[in-house]
Amino acid sequence: MPPTFHHDLRDDDHDFHQVRGGEDGVRVLRAAPALTPQAFRLPPLRRRPAASLRAPSMLLRRPRRWLQLCGGTVMGLIVGLLVGTATRVPDASRQCYPSDPPVGAAHGSAPVSSAGSGFGFGYGFGSERWTPPPSPPGYGDDHDPLHLLQPNSVPGDRRGLVMVGVMTADKYLPTRAAAVWDTWGKELPGGIAFFSASYSRPPPNRPDLPLVALKGVDDSYPPQKKSFRMLEYLWEQYGDHYEWFLRADDDVYVRPDKLEKLLRSVDSSKPQFIGQAGRGNQEEFGLLSLEFDENFCMGGPGVLFSRETLARVAPHVKHCLKNLYTTHEDVELGRCVQRFAGIPCTWSYEMQNILYHNSSGNDAFTGNLKHREVHRAITLHPIKQYRHLYRVHNYMGQLKIQESWQQALSLHRDVLAMVTLLGHDPASVGDVQLAKNVPLFPAKRGDRDYLGDSALLGKAPSLNKYRPRREADVLPWDFISRSLFSAGHANPRRRVESALREGLDDVVREVMDTINAFSKQRGRVIEYREILYGYHRLSPLYGADYILDMLLVYKKYRGKKMTVPVRRHAYLQQQFTGLEIRETVEGEEVGKHSEQPDLTQSEDGEDAGPPQQGFREAFESGLLKIGDALPAILGRSGGLDEDPRDEAGVRRKAINFILPLAGRHTTFRRFVSVFEEVCLQNDENVSLFVILFPSEVEVSVNETVTLMSSLQRRYPKHRLAVVPVFDSFARALALEIGAAQVKDGEDDLLFFVDVDMVFSRATLERIRVSTIRGKQVYFPVVFSEFEPATVYRDQGLTVAPNHFLINQDTGYWRQYGFGIVSVYKSDLRKVGGFDTSIRGWGKEDVDLFDKFVAAGDNLTVFRAADPNLVHVFHIVDCDPELEPAQLKMCKGTRADTLGGVDQLAQLIFSQGQGKAVLDFARKRRTMPAPTPAALPSA
């Protein structure tokens, strides 16, 4: 059935006719008169005279009647012709907006159309043609909004559930309106249209925006006329095709899945007016002309109308516009609904949570989104900064992914349970066959469509999933109270880390949602207060385990009301899911390009499988082996070597080492030895620039230059240079001078390194992979050795026998060290480079890191632990002439390198000083805090 066209023939000062054209032709329907007692009075019955047989002869005898008959016939034909012309169905192929002026027409020439040529949707008096609004893509003709209503858009169809009208303004079309269309607007179980002023056009950045320019409407505030005309338009165009209608602003976010769930549970055939009810704020109370039983739905979070409600209100829009009592659009809309539909806005306390309004103004929803109100809401209002609309949409997408993973885990558990009941070995669930040659899981480990290991993911939630085989494998629990207590941490008592606190908030929120899932049916609600204490541990194989003792408040509001505090223990597990691998090269996902080389064939012509298979096998076979497998995965061997994009983007990137140096010739010889073994002997594409400062401790400039000259003679293909600087040592200045030695261009990848570092070829691969021009800067987290005299005191060693022995007894990860960095020279210049006014030791690395963080979306800071990049221990000499901040940082670094907490504690007790230390600690805890009067003055 083709869509029915509705046209409004209206004048602002007179009643209008509604002309409806469809399958049965054209019918002219006048507005129904008001029902009065006189309207029901029947006219008196009159006896109709019998037809005379002499009628023709009488007409001939009376010329006056003959003239009346002829004149009436002619007038009837003329009126019929005019009515047929005015009400004919327009050509839907005509465009929404006036055609472009003829070629060569001057900008100041008069428009082609005559009076009534302003933009508008509808066929108004004096306009030349009917101008249909544009439609969203995917619904048919781009210029016909009625193709939104496909023949299958019938009641009960998902696409015919709700029609959303978004009120916006011309200046917000490229920003807020475009953001709504890009995010939740395309996921609705129905249609959407944006309503703006008559002169509005779709923005250039979104030409497919379904825009309706309302005739005779501008963007003035308050938007009362725009709101009522929008509802009138929605009813006339889409009234027979949608069950619900939503009036929304352009600064609201709607969750389509939750909206659909709500609307499916409410009867749309009855008059419904759903929103967040209000009667005005304290200043407006009593000034809105509302009766004692009247209210209105606040417009910001959105207002829902059932089809029946809109059918009752839409014919009286003109009357409501002529009888406005206030300047508040939502108040007048509520008054109109109350008068003509006979229903108020929903009096429901839950609407404050379902249609959620945040009172923070422009800062609403710009911070942390992990709040109960955000998770429970169907609409979020207001989001004034349109960029945050994309952020909220991404967060909602993450919640959907979590729900999908939870469903996947439930299916894995069902599969494992059924396989066990059928008598199969749970450990070999991947090999189970439903019938001969019909496997339960066709995709095997390493395939793109692999669904995961049901033997691992299908285990029921339990705190005993992991069973240690020896004492060293036992997973310790951390105790949670006001502080976090850990037996194996360097700081046994510390504040609860932000990551753990965020995890606890997520767990508590889910627990409370589960507890209150049926609170309405039970007439009670349980509120969360605090965690009294708890335990936490992390299993690398299964996930995070929690044992929580929570203080709750039980509130019963049905029957005998009561409010009592209660405690409840919760045993919880956040299970890990399968790994998701996304292979990228230079920040671009492999497989996204239109032209891809064939990477499924190896050098000998055999099928090597998909290019990402190496990643999947490496991760699924064991995370601890990824370091050894990384060079092969990145194209060091096999068919990937022949891919020019991998070769240019990863393997053959030139790395320019920038090394500041002042004295320390023995340490420099070790660095040169490592550099030669790792880089030069393997013909790596590298260069080395030594920025040499004079030393006040030792005279070794000549030895350094001689060593570099000898190295250059043995490897003439590589650029190895010494840049002397006759000034006091300053690391920021040295790194700037080193960066200046590298020419701008493709080979300007800089690696700022210290002379105390040792590394392997895997470090070079990580530098090349993790540093992306114009996109990403790499700050590796290096492993720093403890003092060997502390670590190996039993062996009497002063030098570590193996620098790459990584554990908690040999060193620590420098999470707050930013001195080692890999960056392109062009990106370094974008942020302003190093601050050369910083002299001496430290602080220049933190300053540079802050600059890259402040760069925001332009550059991403990537940090990762590199077990093949180790800082060899040396005694840190802190110059007392340093600035206070630098001196504090220097002393802190020196203290961190002395040894681990366990080692230092054993050292103290072995020397018989344990009791003295404990007495000092107890005394310090009992000392009163100093008063302001006792503090020394500046």
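Looking at LYS830, LYS775, can you tell me which residue is within 19 Å of VAL742 (Cβ to Cβ) and either open to solvent by 30 Å² or more (accessible area, probe 1.4 Å) or within 28 Å of the chain's Cα centre (by Cα) (or both)?
LYS830
Only residues that are open to solvent by 30 Å² or more (accessible area, probe 1.4 Å) and within 23 Å of ALA800 (Cα to Cα): list them for the stretch 652-664, please.
Answer for the stretch 652-664, where residues must be open to solvent by 30 Å² or more (accessible area, probe 1.4 Å) and within 23 Å of ALA800 (Cα to Cα): just ARG664.
Of all residues being exposed (fewer than 14 other Cβ atoms within 10 Å of the Cβ) and assigned to a helix (DSSP H, G or I) in the stretch 329-372, which is nearest to the chain's Cα centre (by Cα)? Just the residue, please.
So the residue we want is ASP363.
Would you point out the residue of the stretch 373-413, among those that are more than 27 Å from VAL166 (Cα to Cα) and free of Cβ contacts under 8 Å to residues at least 40 places away in the same chain, that is least open to solvent (accessible area, probe 1.4 Å)?
That would be SER410.
Run down PHE849, PHE804 and say which single residue is open to solvent by less than 70 Å² (accessible area, probe 1.4 Å) and aromatic (Phe, Trp, Tyr).
Answer to the selection: PHE849.
Of these, ALA460, ALA499, ALA443, which one is under 30 Å from ARG529 (Cα atoms), at pLDDT 85 or above and in a loop (DSSP other than H, G, I, E, B)?
ALA460
When you go through (1) surrounded by fewer than 12 Cβ atoms within 10 Å (Cβ to Cβ); (2) farther than 29 Å from ARG537 by Cα one by one for PRO468, which number turns out not to apply?
Condition (2) is where PRO468 drops out.
In the set SER770, SER784, which member is closer than 28 Å to ASP683 by Cβ and either crowded, with 19+ Cβ neighbours inside 10 Å or of a type in the set (Gly, Ala, Ser) (or both)?
SER770 is the lone residue from the list that is closer than 28 Å to ASP683 by Cβ and either crowded, with 19+ Cβ neighbours inside 10 Å or of a type in the set (Gly, Ala, Ser) (or both).
Since LYS717 meets every condition but one in (1) more than 25 Å from ASN802 (Cα to Cα); (2) in contact with a Phe, Trp or Tyr (Cβ under 9 Å, 6 or more places away or on another chain); (3) outside any helix (DSSP H, G or I), which condition does it not meet?
With (1) more than 25 Å from ASN802 (Cα to Cα); (2) in contact with a Phe, Trp or Tyr (Cβ under 9 Å, 6 or more places away or on another chain); (3) outside any helix (DSSP H, G or I) applied to LYS717, the lone miss is (2).
Could you list, in sequence order, all residues of the stretch 380-407 that are closer than 30 Å to GLY458 by Cα and under 14 Å from the mean Cα position of the chain (by Cα)?
Within the stretch 380-407, ASN394, TYR395, MET396, GLY397, GLN398, LEU399, LYS400, ILE401, GLN402 qualify.
Got a sec? Which of SER784, SER728 is part of a strand (DSSP E or B) and of a type in the set (Ser, Thr, Tyr)?
SER784
Looking at the stretch 527-550, which of its residues are among the hydrophobic types (A, V, I, L, M, F, W, C) and open to solvent by less than 50 Å² (accessible area, probe 1.4 Å)?
Across the stretch 527-550, the qualifying residues are ILE531, ALA544, ILE547, LEU548, MET550.
Looking at this structure, is ASP794 charged (D, E, K, R), touching a residue at least 24 places away in the same chain (Cβ under 8 Å) and either farther than 19 Å from LEU764 by Cα or crowded, with 22+ Cβ neighbours inside 10 Å (or both)?
Here the answer is no, as ASP794 does not meet what is asked.
Filter the stretch 414-423 down to residues that are open to solvent by 50 Å² or more (accessible area, probe 1.4 Å) and assigned to a helix (DSSP H, G or I) and give me whichever is nearest to GLY578 (Cα to Cα).
ASP414
Could you tell me whether VAL861 is within 28 Å of the chain's Cα centre (by Cα), part of a strand (DSSP E or B) and surrounded by fewer than 18 Cβ atoms within 10 Å (Cβ to Cβ)?
Here the answer is yes, as VAL861 does meet what is asked.
Output the residue which, of all residues in the stretch 166-187 that are of a type in the set (Lys, Arg) and within 23 Å of PHE228 (Cα to Cα), is surrounded by the fewest Cβ atoms within 10 Å (Cβ to Cβ).
In this case the residue turns out to be LYS171.
Looking at LEU538 and the list (1) part of a strand (DSSP E or B); (2) more than 28 Å from the chain's Cα centre (by Cα), which single condition is not satisfied?
(2)
Condition (residue is open to solvent by less than 100 Å² (accessible area, probe 1.4 Å), among the acidic types (Asp, Glu), within 29 Å of GLY503 (Cβ to Cβ) and not assigned by the TED database to the domain that holds ILE547) applied to the stretch 424-447: is it met by at least one residue?
No: zero hits.
Yes or no: VAL303 within 25 Å of GLY239 (Cα to Cα), open to solvent by less than 30 Å² (accessible area, probe 1.4 Å), over 33 Å from the mean Cα position of the chain (by Cα) and not acidic (Asp, Glu)?
So VAL303 fails the test.
For the stretch 218-271, which positions are part of a helix (DSSP H, G or I) and over 21 Å from VAL337 (Cβ atoms)?
Once the filter is applied, which keeps residues that are part of a helix (DSSP H, G or I) and over 21 Å from VAL337 (Cβ atoms), the stretch 218-271 yields PRO256, ASP257, LYS258, GLU260, LYS261, ARG264.
Taking the stated definitions as given, is ASN491 of a type in the set (S, T, N, Q) and touching a helix residue (DSSP H, G or I) at 6+ places or on another chain (Cβ under 9 Å)?
For ASN491, the condition - of a type in the set (S, T, N, Q) and touching a helix residue (DSSP H, G or I) at 6+ places or on another chain (Cβ under 9 Å) - is met.
The values are calculated or read from the model by the stated rules, or taken from the named source; none is laboratory data. Please read all numbers here as calculations on a predicted model, not as lab measurements. Here the Cβ is made from the backbone with ideal geometry for all residues, glycine too, and neighbour counts use every protein chain on show. Heavy atoms of the whole protein, side chains included, go into the accessibility calculation; ligands, DNA and RNA do not. Shrake-Rupley method; radii C 1.70, N 1.55, O 1.52, S 1.80 Å.
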